Each structure stands twice: as structure tokens, then as C-alpha cells.
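Readers should treat all values here as calculations from the given coordinates under stated rules, not as data from a laboratory. Owing to the predicted nature of the structure, the values given are computational and were not obtained by experimental measurement. Positions of Cβ are generated from backbone atoms using ideal geometry, with glycine treated the same way; all protein chains shown enter the neighbour counts.
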């Protein structure tokens, strides 16, 4: 039985691909779009294509926090409303919790989410999954993780959660398939149906 639905932040809820790259350019960390995608093939803190000092990272998150706007929200509010009526929703991200909470407040989405675990909590998404398992007394297979990157799919596998890959974010279909998601979807309006499909498969 599926009880918890866990969202990645960047590339799933927020259209931040170009925003992040523009800040990297300003910081002298600019790379091609392909290398930027490669940066997210694994855990960005453990296997980075581009490395940041602690000072550079703080500067990045400060600029990101200042520049993100509600216009960066992908059109998935109605899907979140429906999912929130049936499941506990959470966010696990490599972004800053301060950034995420500001964005959720600006877009009036904070009411839909329970736990928000960003880089301040843990840099490993596997460890963040375990925090949710422990807090809600649930098994990994009772969770669905929705993400847009190969790296996250691989961490989801390590944690034992079911995964839905979305192709509107950082990685496209070909790269996402390497992570063997339970489902791969392309349209914003497919989110709730994808969660229900996995739930129904489990029942069979």
C-alpha cells in the first residue's frame, strides 16, 4: 500500500534549469548544458562534475533564494491538491530548505507538504528517505519518489522506494530510463494517475 509520496524539488516542482545555470555562469562555474546534466547523474555532493567551496555554495544559494519567483512553478498545482487529499506529501532535495520553504510560501503550496528535507538535513538522499521511514513508521515500498534525474533514481533504488521519473525536468527520457523507474511520465496532468497506477499494480 502506498502511503507517502515524496517529491524532488528542482526540475519537478520548479523550473530551475536555466536559473541555476545562469548563477553558475556568474560564479565562473559555467558549463555546457550536457555537462550540467551529467552533474546530476549521481549524488551532486558525492560525485560532482563541478565542485563548489563552502563559500561559493553559500553565494549560490543566496542568489537562488533571491531570484526564484512563483513564475518558476511548473503547472502541477491541481495535481498536488488531489495527491494531498489521498497521501502524505514530502520533499527531499539537494537544494536549501530555506529556498524550498520560501518558494512554497510564495506559491501557496506549503499546506500540501509535511516534511521538507534539504541539504541542511543530510546530503545523502538515501539517509533522508530513512528519516521519513523512521518518523512515519513505514516501509520503503510504501513510498513513491517523484524525480527528474538519473542520480535521484539511483538513490531511490538504494533506499528501496518506488520511483516515478518525469521528463519535464533536468534529464530526458533516454537518460531517465537508465535508472529503471517504475513509471516514466511526460505530462504534468499524469502525476496523480501514475501514483494510482503503481498503487493498483501493488494490489494485484
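Go through 149-157, 31-39, 192-200 and give me the packing order, highest mean Cβ count within 10 Å leading.
On the way: 149-157: 24.4, 31-39: 14.2, 192-200: 16.4.
The packing order, highest mean first, is 149-157, 192-200, 31-39.
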Response to the item:
In whole percent, the Cα-Cα distances of segment 41-115 spread across 5 Å bins from 0 upward as 3, 13, 20, 21, 17, 14, 9, 3, 0
Worksheet, complete the sentence: Relative to the chain, whose Cα atoms define the longest principal axis, helix 54-67 and its Cα axis are tilted in degrees, nearest 10, by 70
Worksheet item: Mind checking which of 131, 13, 89 has the largest fluctuation in a GNM of the chain, springs on alpha carbons under 10 Å?
Response: 131
Fill in: Acute angle (nearest 10 degrees) that the helix 150-159 long axis makes with the longest principal axis of the chain, alpha-carbon atoms
50
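Could you work out the helix-only [θ] at 222 nm for the chain, with each DSSP H run of four or more residues adding -39,500 (n - 2.57) and the total divided by the number of residues, to the nearest 500 deg cm²/dmol? Show your work: numbers first, answer last.
Working: 9 runs with 90 residues, N = 204.
Computed mean residue ellipticity for the chain: -13000 deg cm²/dmol.
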Fill in: Dimensions (Å) - segment 115-204, Cα atoms, principal axes, largest first
32, 31, 21
Worksheet item: Does anyone have the angle between helix 125-136 and the longest principal axis of the chain? Alpha-carbon axes, 0 to 90°, nearest 10?
Response: 40
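Tell me, what is the Rg over Rh of the chain, with Rh the Kirkwood radius over Cα pairs?
Numbers: Rg = 16.0 Å, Rh = 17.0 Å.
Rg/Rh: 0.94.
Calculate the tail of P(r) for segment 74-166: the fraction of all Cα-Cα distances greater than 21 Å, expressed in %. Please list the in-between numbers first.
Numbers: 1259 of 4278 pairs.
The answer is 29 percent, as a whole percent.
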Item to complete: Using a Förster distance of 45 angstrom, determine the FRET efficiency expected from the C-beta separation of residue 200 and residue 101, and round it to 0.05.
Response: 0.85
Discussion item. What is the distance in Å between the Cα centroid of segment 83-152 and that of segment 157-204?
Written reply: 16
Response to the item:
The Rg/Rh figure for segment 17-67, Cα atoms and Kirkwood Rh, to two decimals is 0.94
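Mind checking the full-extension length gain between residue 142 and residue 34? Use 0.36 nm per residue of separation minus the Cα-Cα distance, one decimal, nm. List each step's numbers first, then the result.
Values: separation 108, 0.36 × 108 = 38.88 nm, distance 3.41 nm.
Stretched fully, the residue 142-residue 34 segment lengthens by 35.5 nm.
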